[in-house]
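The block underneath contains the structure these notes are about, expressed in structure tokens.
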Amino acid sequence: MPEVNVTEHLLLNQKKMPVARGQFTHLLNQLILSFKIISREVTKAGLVDVLGFTGEVNVQGEEVKKLDEYANNVLIHRMSRAGVICAMSSEENEGIIDIPEGFPRGDYVLIFDPLDGSSNIEANINIGTIFSVYRRLSASDQPTSIEDVLQPGVEQVAAGYCLYGSSTMMVLTTGSGVHGFTLDPSVGEFLLSHPDIKIPERGGIYSINEGYTTYWDGATREVVEFFKDPEGNGSGAPYSSRYIGSLVADFHRTLLYGGIFLYPADMRDPKKPKGKLRLMSEANPLSFVVEQAWGLATDGVNRILDIAPTDLHQRVPLVIGSPYEVEKVRDIYRKHGY
Ligand code: P6P
């Protein structure tokens, strides 16, 4: 079969192109170039001095890794000069990132986590870039407003992630299903490798950091006990437990194999009663992907994509994966009055 790259695939399979075919295709191509540049740096990380910390702390209060900063700078530089973006938000930056003077603004808003899972870099564990694209709400001759950025996930026109691992793979949805493209270094192109991904209706793996059990409430503990003993009497086969600690890797496995990933609220830190993951740069894009692959994503009960955001960096509990397991979790939380 002749190789299909992202642009060709979009033209062939896009039922409803976002605002303007040309602008969107250019946005995607600039994103793809950013992923290639980041991938090049990630794959040589063990050889050159890009590991370790920069000595700074980001808006999340986390120590910034050199590769985090590198990936963030690549995306901000390239996308702010693409001429198709009116505003950006990065997990690493406090406020909205503006378009530099002299560069045209476009019809799109880009939100991203430049290098999720970066605490795993030294161990050569998969990490990734997560991205989310919205149409601007303000008129193109008006200044960008916070409302352009703080949109509910259901308004996304595109979302996905780029996974840097044994191969570099981009998983993308533009509202017409979910498709995987693998970078072929010999030609420098992302080529269609996983057309029309669908998550299994039911899986056999649950993924959660059980080290935090003492921080969970009774409902979450009952959820985890269900996966250990689905029949409740020790007769049924338990689910397997898998947890990498890199959201993009844990999600990608869940998307392909089925099952469920959970990062629940925990009582450990009164500043983080909604858990650790961010709505705008992590939960919303992955929820758009999973729903387009016929999966589900909730905060335990409510659909993630329906949440009206109030802050660029607000956190949200995330329960995401196969419909059977996500519905089981919802039933348990509802039984506990959520
Ligand atoms: P914990 C990485 O820092 C990250 O944001 C996600 O990639 C990952 O799912 C999560 O944190 C892991 O957090 O608390 O289990 O170490």
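The values are calculated or read from the model by the stated rules, or taken from the named source; none is laboratory data. Everything quoted here is computed from the prediction, not taken from an experiment. With ideal geometry, Cβ positions are generated from the backbone for all residues, glycine too; neighbour counts draw on all protein chains shown.
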| So which residues in region 257-272 are surrounded by fewer than 23 Cβ atoms within 10 Å (Cβ to Cβ) and on the phi > 0 side of the Ramachandran plot, if there are any at all? | G258
| request: Report yes if E3 is modelled with pLDDT of 70 or more and surrounded by fewer than 16 Cβ atoms within 10 Å (Cβ to Cβ), otherwise no. | output: yes
| said: Under 6 Å between Cβ atoms, which residue pairs at least 6 apart in sequence (or on different chains) link something in region 241-267 that is within 22 Å of E327 (Cβ to Cβ) with a partner that is more than 8 Å from the ligand (Cβ to nearest atom) and modelled with pLDDT under 95? | reply: Y263/G275; P264/G275; A265/P273; A265/K274; A265/G275
| Can you pull out the residues in region 112-160 that are within 15 Å of the ligand (Cβ to nearest atom) and assigned to a strand (DSSP E or B)? | F112, D113, P114, L115, D116, I127, G128, T129, I130, F131
| remark: Every listed condition ((1) of a type in the set (V, I, T); (2) more than 16 Å from the ligand (Cβ to nearest atom); (3) under 23 Å from L163 (Cβ atoms)) holds for I97 save (3)
| request: Determine if region 172-181 includes at least one residue that is in contact with an Asp or Glu (Cβ under 6 Å, 6 or more places away or on another chain), of a type in the set (S, T, Y) and either at positive phi or not in a strand (DSSP E or B) (or both). | output: no
| field | Residue satisfying all of: in region 247-292; in a strand (DSSP E or B) and out of contact with any Ser or Thr (no Cβ under 8 Å at 6 or more places or on another chain); nearest to the ligand (Cβ to nearest atom) among these | value | Y263
| Of all residues in region 200-245 being under 21 Å from the mean Cα position of the chain (by Cα) and either assigned to a helix (DSSP H, G or I) or among the β-branched types (V, I, T) (or both), which is farthest from the ligand (Cβ to nearest atom)? | I205
